[in-house]
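The values are calculated or read from the model by the stated rules, or taken from the named source; none is laboratory data. Being a predicted model, the structure only gives us computed values, none of them experimental. With ideal geometry, Cβ positions are generated from the backbone for all residues, glycine too; neighbour counts draw on all protein chains shown. Protein only, heavy atoms only, side chains kept; ligands, DNA and RNA dropped before computing areas. Shrake-Rupley method; radii C 1.70, N 1.55, O 1.52, S 1.80 Å.
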Amino acid sequence: QVQLVESGGGLVQPGGSLKLSCAASGLAFSRITMSWSRQCPGKERELVATINPASGTTNIADSVKGRFTISRDNAKNTVYLQMNSLKPEDTAVYYCKADRDYYSGLLYGYWGQGTQVTVSS
């Protein structure tokens, strides 16, 4: 059974930082491309960042480029999202996702339950 458990969300002031974690189980984590998405109030879910398991190549959305960093620790089956210089418009529920097997291309599409990030003074 695949499980993705996010943590690290909370309330932070504008300009502050948070680091989200997503612990994965039930899958071959070191083969899986992982991603973070967010859903802001009243908007559709938006892809924020992806990271492949081989070279660690990342892709970051323009809206957060230069402020957010995605990383992973394959030994801990965990993917992270470091968020710096947070803005009120970053307020959202953040979800991690197991996208696909990087080597076979097999689609996974498993989502975590989400963690709330609120940026407000």
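Residues of segment 29-68 that are of a type outside the set (S, T, N, Q) and open to solvent by 50 Å² or more (accessible area, probe 1.4 Å): Arg31, Pro41, Gly42, Lys43, Glu44, Arg45, Glu46, Leu47, Ala54, Asp62, Lys65, Gly66. Note on segment 1-102: enclosed strands (runs of 3 or more DSSP E) holding 1 or more residues that are over 13 Å from the mean Cα position of the chain (by Cα) and under 15 Å from Gln116 (Cα atoms) are 10-12.
Go through segment 103-119 and count every residue that is part of a strand (DSSP E or B) and either under 16 Å from Leu20 (Cα atoms) or of a type in the set (Phe, Trp, Tyr) (or both).
From segment 103-119, those part of a strand (DSSP E or B) are 107-111, 115-119; that's our starting set.
Cutting the leftovers down to either under 16 Å from Leu20 (Cα atoms) or of a type in the set (Phe, Trp, Tyr) (or both) gives us 108, 110-111, 115-119.
Residues meeting the conditions: 8.
Contact map, segment 92-121: residues that are more than 22 Å from Lys43 (Cβ to Cβ) and open to solvent by less than 20 Å² (accessible area, probe 1.4 Å) paired with residues that are assigned to a loop (DSSP other than H, G, I, E, B) and of a type outside the set (Asp, Glu), Cβ distance under 8 Å, separation 6+ or inter-chain. Pairs shown: Ala98/Val2; Ala98/Leu27; Asp101/Ala28.
Inside segment 69-91, residues that are on the phi < 0 side of the Ramachandran plot and open to solvent by 50 Å² or more (accessible area, probe 1.4 Å) make up a count of 9.
Whenever a residue of segment 47-69 is among the aliphatic types (A, V, I, L, M), its partners that are assigned to a loop (DSSP other than H, G, I, E, B) and open to solvent by less than 80 Å² (accessible area, probe 1.4 Å), lying with C-beta atoms within less than 6 angstrom and at least six residues away or across chains, give the pairs Val48/Ala61; Val48/Val64.
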